[in-house]
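The values are calculated or read from the model by the stated rules, or taken from the named source; none is laboratory data. Remember, it's a predicted structure, so these values are computed and weren't measured experimentally. Cβ: placed from backbone, ideal geometry, glycine included. Neighbour counts: every protein chain shown. Protein only, heavy atoms only, side chains kept; ligands, DNA and RNA dropped before computing areas. Shrake-Rupley method; radii C 1.70, N 1.55, O 1.52, S 1.80 Å.
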Amino acid sequence: MRQRYTTDVLVIGTGGAGLRAAIELHDQGLKVLLVGKRPKADAHTVLAAGGINAALATVDVDDHWAIHAADTLQEGRMLGDPRMVELLCQQAPKAITELEAWGMPFARTSSGLIDQRYFGAHRYRRTCFVGDYTGLEIIKALIREVEYRQIPILERAYISDLLHTGNRVNGAYGFWLADQHEFAIESKAVILATGGHIHSYQRSSSRRRENTGDGMALGLQVGAYLADMELVQFHPSGMIFPHELAGTLVTEAVRGEGGRLYNRHGERFMQRYDAERMELSTRDRVALANYTEIIEGRGTEHGGVWLDISHMPASLIHERLPRMVEQFQAVGVDITREAMQIAPTAHYSMGGLQVEPFSHATNIAGLYAAGEVTAGVHGANRLGGNSLAEILVFGRIAGQHAAEYVRHHSKQSLHEAQMQAAAERLAWASQQSGAFQRSLIDQLQQVVWHGAGVVRNEQTLEASLDQLNTLRFQSQQRSVGAADIAATLDLQSMLLTAEATILAALMRPESRGAHQRSDYPATDPLWQRTIVVKPYRDEHDRLRLQLDTQLIPTASEQVQTAFNHQEYSVAGRLVE
Ligand code: FAD
């Protein structure tokens, strides 16, 4: 017997984007239901450390939203959508004011203003923060507001399918992780706020079983388009040792607070890659620099480089980087006295569902998306701190427009046939061996890390596509053993989104930002285009992906005037 819920708008995801969208929907007078596969206050957003960007000019008085937008577009190597970027940067200060009103304990300057720190490649200090646990405090503030409004949350509830009639969504189907009981939710609109797909990489900064690309896969299943899937951000600094913790993020705030990078010879190597900005260069450049040092044999014994902040006063390190102090203390490293060993780690999905810039509507009626699950803001290189701004600004905007949609469309009831098809998929997943499906996830992560990692080329990408096809075939075979429905479905989402990433990476014959092709080392101005992934069904009703490209509009005059015309040296050499 399945449970049944009815609501005006279903929000899938209880990270920052989902919570903010739900608050907006409630305040617009709609009935809203939040669903998340993790405990309600433990979405991926809680991991966010270093801060959230807004051109408040509290510390650097010359800052302005247009300069923030110009930095974001230029450092995204001009693949971001200027309309979305401009909206983000204009609205980010309002998001900070709102958080402040909701009790966010931002760090303050001596004169009581919200303090702002440097993050890589920003011209001004514009990152607001709470120590190095900014994301956790954002979630606490949002959950307080959600609970105050008595918005219902289904926790540890996994959405396995979107339900739709024709080109319009009318609900979703899923199951409780605790007991596998199934439920159907009827809703007039759905907002996907399910985060990214970086768990497809062997080494990733989240290191929890989330970010499996569910929202992107749920969207593809009902015909939604993806964009920018080849653009995966590799963070320069993940832990490398001990082995079990490899990938765990070492926040950029360490470099923001003065951390320096050294290779095994004690050389401060950023001098050779970006002599002007050194460690405060962009993530793509620092990640490629670290990768190059390691691959060319100048790395540490565990295959990393050194990140050292021990020259700064211990009191400052304790005050500004408490989480890093703890994280390394747990493995016997005192960062106030010793250097950290780090290496690049997969960090952020810059691609995702393609949305209309001003409403965050997808190409499917009634389906909206916000946060890391979407594409459009970050281009080929996300600036640190922009994601937390994005989830708040576009969470609110997606909520506002979904509310508008609901006011103008009547309800479409769920039909038994729709729910039956979704139930059959779960019945299939409940007959698979969880251990076997998890072993395929491990293999997929290795394939994607090696094939579509920091540096890729046609050979590695083609090989990984072949290996994915083999894994897909194996995942469909009947395997005997205790079921793990979530792992079985996670794998299906990971296969689909990894395929989208590899196909798009094959299509882009150039190197730009985080997309580094050793067989096409130069940036090609003709490829200042967005790659769009469109799903279709073949004659066997199998979901297939085809690719298209779109031109990117130009930025407004105000933002073009703010472009930075300084040339930075880029000496990152590509290696196979
Ligand atoms: P998430 O927070 O990922 O939430 C996704 C939600 O969807 C979760 O509730 C999950 O349970 C739910 N979900 C997913 N699939 C399903 C399903 N099938 N059924 C039901 N529920 C589902 N950005 C910054 O701007 N500044 C920083 O300092 C910063 N630091 C970071 C540090 C780390 C270690 C990491 C990993 C990221 C960091 N980021 C930072 C990036 C930022 O945290 C994320 O991009 C952002 O929090 C994503 O928020 P979101 O709401 O889009 O998704």
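The figures follow:
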| read-out | value |
| --- | --- |
| Subset tally (residues that are in a loop (DSSP other than H, G, I, E, B) and either in the same structural domain as Met278 (by TED's automatic domain parsing) or small (Gly, Ala, Ser) (or both)) for the stretch 106-154 | 7 |
| Qualifying residue in the stretch 45-65 (condition: hydrophobic (A, V, I, L, M, F, W, C), away from the ligand (no atom under 12 Å from the Cβ) and not in a loop (DSSP other than H, G, I, E, B)) | yes |
| Options Tyr536, Tyr520: the member that is modelled with pLDDT of 95 or more, crowded, with 17+ Cβ neighbours inside 10 Å and among the hydroxyl-bearing types (Ser, Thr, Tyr) | Tyr520 |
| Residue in the stretch 348-370 that is within 13 Å of the ligand (Cβ to nearest atom), buried (at least 24 other Cβ atoms within 10 Å of the Cβ) and assigned to a helix (DSSP H, G or I) present | no |
| Unique match (being at pLDDT below 95 and either more than 16 Å from the ligand (Cβ to nearest atom) or open to solvent by less than 10 Å² (accessible area, probe 1.4 Å) (or both)) among Gln412, Gln420 | Gln412 |
| Any hit, the stretch 144-152, residues being within 14 Å of the ligand (Cβ to nearest atom), under 30 Å from Arg320 (Cα atoms) and modelled with pLDDT of 95 or more | yes |
| Any hit, the stretch 42-56, residues being surrounded by fewer than 21 Cβ atoms within 10 Å (Cβ to Cβ) and not hydrophobic (A, V, I, L, M, F, W, C) | yes |
| Lone unmet requirement of (1) open to solvent by less than 70 Å² (accessible area, probe 1.4 Å); (2) assigned to a helix (DSSP H, G or I); (3) within 29 Å of His26 (Cα to Cα); (4) away from the ligand (no atom under 16 Å from the Cβ) for Leu392 | (4) |
| Neighbours by Cβ (under 8 Å, 6+ apart or cross-chain): first from the stretch 53-72, at negative phi; second part of a strand (DSSP E or B) | Asn53/Thr127; Asn53/Cys128; Ala54/Cys128; Leu56/Ile114; Leu56/Cys128; Thr58/Ile114; His68/Asn53 |
| Top-ranked residue of the stretch 210-242 - restricted to ones that are of a type in the set (Ser, Thr, Tyr) and touching a strand residue (DSSP E or B) at 6+ places or on another chain (Cβ under 7 Å), ranked as surrounded by the fewest Cβ atoms within 10 Å (Cβ to Cβ) | Tyr225 |
| All positions within the stretch 422-459 that are outside any helix (DSSP H, G or I) and farther than 19 Å from Phe473 by Cα | Ala452, Gly453, Val454, Val455, Arg456, Asn457 |
| Filter result for Arg320 (open to solvent by 30 Å² or more (accessible area, probe 1.4 Å) and either within 15 Å of the ligand (Cβ to nearest atom) or over 26 Å from Ala189 (Cβ atoms) (or both)) | yes |
| Meets criteria (under 30 Å from Arg512 (Cα atoms), assigned to a helix (DSSP H, G or I), open to solvent by 10 Å² or more (accessible area, probe 1.4 Å) and more than 16 Å from the ligand (Cβ to nearest atom)) for Glu462 | yes |
| Residue within the stretch 70-87 that is assigned to a loop (DSSP other than H, G, I, E, B), over 30 Å from Gly238 (Cα atoms) and at pLDDT 95 or above present | no |
| Any chance Ala314 is within 16 Å of the ligand (Cβ to nearest atom), surrounded by fewer than 24 Cβ atoms within 10 Å (Cβ to Cβ) and without any contact (Cβ under 8 Å) to a residue 60 or more places away in the chain | no |
| Any pair with Cβ under 6 angstrom, 6 or more apart, that starts in the stretch 479-495 at a residue that is assigned by TED's automatic domain parsing to the domain that holds Gln437 and ends at one that is surrounded by fewer than 23 Cβ atoms within 10 Å (Cβ to Cβ) and assigned to a loop (DSSP other than H, G, I, E, B) | Ser479/Ser433; Val480/Ser433; Gly481/Ser433; Ala483/Ser430; Ile485/Ser430 |
| Pick from the stretch 79-119, criterion polar (S, T, N, Q) and more than 22 Å from the chain's Cα centre (by Cα), ranking: most open to solvent (accessible area, probe 1.4 Å) | Ser110 |
| Candidate set from the stretch 57-78 (those that are of a type in the set (Val, Ile, Thr) and over 24 Å from Ala227 (Cβ atoms)); member that is surrounded by the fewest Cβ atoms within 10 Å (Cβ to Cβ) | Val61 |
| Tally, over the stretch 154-168, of residues that are open to solvent by less than 40 Å² (accessible area, probe 1.4 Å) and under 24 Å from the mean Cα position of the chain (by Cα) | 7 |
| Members of the stretch 493-519 found to be closer than 19 Å to Leu551 by Cα and of a type in the set (D, E, K, R), listed by number | Arg508, Glu510, Arg512 |
